Structure formats: structure tokens, C-alpha cells
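The values are calculated or read from the model by the stated rules, or taken from the named source; none is laboratory data. Because the structure is predicted, anything quoted here is derived from the model rather than measured. For neighbour counting, all protein chains shown are included, and Cβ atoms are generated from backbone atoms with ideal geometry for every residue, glycine included.
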Amino acid sequence: MLRQACSRRLLCAAAAWFAAVPSWALDGPSGAVVLTISGVGMKGEAQFDMAMLAALPQHSFTTKTPWYPVAHKFTGPLLRDVLAAAAVGAQGKLIEAMAVNDYKVTIPRADAQQRNVILARLLDDKPMALRDKGPLFIIYPFDTAEELRNSVFYSRSAWQLKSLLIK
């Protein structure tokens, strides 16, 4: 009897978990992989193509940055939404972002939770080419808070992003 109840509890828990995960998160990428996420507490790695990232809720803001002479509109999913979709069960308080050119930066996971950091896939409503800091760019909403306009947060904005490691 105990074995049956435990088995049913496990099945119910598994069914609830699958019901809570969006269906697109269960499918693998059908296009070119543009982002890989791995880390502590994850079983394997999560891979995303652009269609999967576009399926997440999209957010936009316009902000000035040190890299462009004028403010630009950035659009994409919130970093916290990408992490939630990929890292079911992931643990860790740090995110190591790696760019195509091997630039690495460590971002506190709290930034993703407390700030509206975007994993931008569009710049002024257009996809970003590799030569234009794309195809993915972690970007902070610098114009929303004075404390974001400094070298610490500028350095956490990784363009040409290829992977995230939860540590």
C-alpha cells in the first residue's frame, strides 16, 4: 500500500512538473543553436535556437549605452525567464556568460531576478548580426536607474553571447 501511494505521489509530482513547463521548453531546437545553458543542479544542458527564445514573453526598452552614440531599442526575453525555462532545478548564485570571442563575465543571479535584464535578440526591431554585437546581447536597462550606469554593470552586458553557466 505504501509503495503504491509513493508511486502515485511520484507520478503526480512528475505530471505537475510537466504541466508547469511550457511545451516549447520540452522540445529541442529545430534551428541553429544560439545559446547553451548548463550548470549546477541541471541534468545536461539546455539548448535554444532563435525560435525558442522568440517564443518566450518578449520585453523591450530603449537605453543609452557606452557602445552606441545614441539610445537604441533592445528586445528579447528577460534573462530570468530564459533561466527559468532552461534551468529547472538549477542551483547557484552566479551566472558565467561567455561570448563568441571568449569574453567571460560573472553576473550575480540576483541581477536576473531583481532587474529587468534582457537577453536581447533584436536591436531596433531587427535581428543583430554577429558584427553588430549579436545574435544575442545581455543588456541592462541603464536609463532606468542611476546605479546601473557604471563600469560594473556595463561589464556585465555580454554581447555575442553563446553560453551561460550556472555556478
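I'd like to verify a number: residues in the range 58-97 that are closer than 19 Å to G39 by Cβ and not basic (K, R), how many?
19
Yes or no: the range 117-126 includes at least one residue that is of a type in the set (V, I, T), under 20 Å from T36 (Cβ atoms) and part of a loop (DSSP other than H, G, I, E, B). So that I can check it myself, show each step before the final result.
To start, the set of residues in the range 117-126 that are of a type in the set (V, I, T) comprises 117-118.
Remaining after also requiring under 20 Å from T36 (Cβ atoms): 117-118.
Filter once more, so that each one left must be part of a loop (DSSP other than H, G, I, E, B): 117.
Yes - at least one qualifying residue is present in the range 117-126.
Looking at (1) surrounded by fewer than 18 Cβ atoms within 10 Å (Cβ to Cβ); (2) among the aliphatic types (A, V, I, L, M); (3) assigned to a loop (DSSP other than H, G, I, E, B), find the lone condition where A51 falls short.
Just one mismatch for A51, condition (3).
Does at least one position in the range 75-88 carry a residue that is more than 22 Å from S163 (Cβ to Cβ) and of a type outside the set (S, T, N, Q)?
No, the range 75-88 has no match at all.
From L78, L119, L136, L161, which residue is touching a residue at least 40 places away in the same chain (Cβ under 8 Å), touching a helix residue (DSSP H, G or I) at 6+ places or on another chain (Cβ under 7 Å), among the hydrophobic types (A, V, I, L, M, F, W, C) and closer than 25 Å to M42 by Cα? Steps first, answer last, please.
On the way: L78 fails: touching a helix residue (DSSP H, G or I) at 6+ places or on another chain (Cβ under 7 Å); L136 fails: touching a helix residue (DSSP H, G or I) at 6+ places or on another chain (Cβ under 7 Å); L161 fails: touching a helix residue (DSSP H, G or I) at 6+ places or on another chain (Cβ under 7 Å).
After ruling out the rest, the residue left standing is L119.
On the basis of being at pLDDT 95 or above, touching a strand residue (DSSP E or B) at 6+ places or on another chain (Cβ under 7 Å) and under 16 Å from I37 (Cα atoms), does V100 make the cut?
yes
Looking at F137, F142, which one is more than 16 Å from the chain's Cα centre (by Cα), surrounded by 17 or more Cβ atoms within 10 Å (Cβ to Cβ) and either over 18 Å from V34 (Cβ atoms) or modelled with pLDDT of 95 or more (or both)?
None of the other options fit; the residue is F142.
Among the residues of the range 143-167, what is the count of those that are aromatic (F, W, Y) and either assigned to a helix (DSSP H, G or I) or in contact with a Pro (Cβ under 7 Å, 6 or more places away or on another chain) (or both)?
2
Inspect all residues belonging to the range 122-133 and state whether any of them is within 15 Å of the chain's Cα centre (by Cα) and touching a residue at least 40 places away in the same chain (Cβ under 8 Å). So that I can check it myself, show each step before the final result.
At the first step, the residues of the range 122-133 found to be within 15 Å of the chain's Cα centre (by Cα) are 122.
Within this subset, residues satisfying the condition of being touching a residue at least 40 places away in the same chain (Cβ under 8 Å) are 122.
Yes: one or more hits.
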